[in-house]
Amino acid sequence: LAGETIFAIDPEVVQQRLETAFPELKSFELAIGLPHTIVLSVEERTPVIAWIQDEEEVWVDDEGVGFMPRGEVEGLLRVNAQGLPPGAELVGTNEDLLLPPELVETTLALRAYLPEGAKLMYQPSRGFGWRDSRGWKVYFGQHLTDISQKLATYDTLVNTLNSQGVKPALISVEYLHAPYYRLEP
């Protein structure tokens, strides 16, 4: 805008340029005054999840809006993903990630159940899970409406397998009434 007359500045064009260049900004307020004053107020998005897919990290706010990381943020829930969940989409010319807000809520709720040191994983066919410290992967599905029952089923299945000397490679409680496990191939 340097060198331009104040009357030639179109606030809508400036806002569109800012939205394109900085998707991590949630809102803009642009005030143009005389003789040559421009005041810009912005609100940044607050990332809550670091979605890592295909070796690229995208930060996601609580509304599901994804944007490229800039700087450092502590306490983000990191999700190592092998694909996009249902309802997620890549939008715009930069293919920015959009996650459904309810998925963000589900993902954040999983933090309470994530064992110490475990990394949250996402697989489109199995949903959310992690690698158990005892060596296998466990998946809980796409939704957490019955997570306490799924965790109880998981614990029962693990205890049964341990008592039989069976070490699985994978345990799934995605479907509460049809849990299963797989051995190493």
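For the reader, a short list of remarks on this structure follows.
- What you get for segment 16-137, charging only the Cβ of Lys and Arg (+1) and of Asp and Glu (-1), is a dipole of about 480 debye around the Cα centre.
- Most mobile listed residue (Phe140, Phe22, Phe67) in the chain, GNM with C-alpha springs under 10 Å: Phe22
- 14 Å beta-carbon shell around Val14, net charge (K/R +1, D/E -1): -4
- Positive-end residue, the chain charge dipole about Cα centroid, Cβ charges, pick of Gly66, Leu110, Tyr154: Tyr154
- Cross-link partners of Lys26 among aspartates and glutamates (Cα-Cα below 13 Å; sequence separation of 8 or more within a chain): Glu43, Glu44, Asp61, Asp62, Glu63
- Largest to smallest in accessible area, the residues His177, His143, His36 fall in the order His177, His36, His143 (1.4 Å probe, all protein chains included).
- DSSP beta bridges in segment 66-185 [antiparallel fraction, %, rounded to 5]: 65
- Listed by chain and number, the lysines whose C-alpha is less than 30 Å from the C-alpha of Lys150, apart from same-chain residues fewer than 8 away, are Lys119, Lys137, Lys167.
- Average projection area in nm² (convex hull over Cα atoms of segment 53-185, one quarter of hull surface): 9.1
- Looking at the chain, the accessible area is 61 square angstrom per residue; that uses a 1.4 Å probe and ignores ligands, DNA and RNA.
- Highest mean first, the peptides 153-161, 7-15 sorted by other C-beta atoms within 10 Å per residue fall in the order 153-161, 7-15.
- Accessible area of Asp96 in the full protein assembly, 1.4 Å probe (Å², nearest 10): 40
- Here segment 1-107 exposes an accessible surface that is 49 percent carbon and sulfur, computed with a 1.4 Å probe and the other protein chains kept in place.
- Selection of trypsin sites (Lys or Arg not before Pro), segment 132-172, meeting DSSP coil and at most 13 other Cβ within 10 Å: Arg134
- Fraction of accessible area attributable to carbon and sulfur, segment 110-165 (%, probe 1.4 Å): 48
The values are calculated or read from the model by the stated rules, or taken from the named source; none is laboratory data. The structure presented is a predicted model; accordingly, all values stated were derived computationally and were not measured. Note that we place each Cβ from the backbone using ideal geometry, even for glycine, and neighbour counts take in every protein chain shown. Quick note on the areas: whole protein, heavy atoms, side chains included, nothing else; ligands and nucleic acids left out. Shrake-Rupley method; radii C 1.70, N 1.55, O 1.52, S 1.80 Å.
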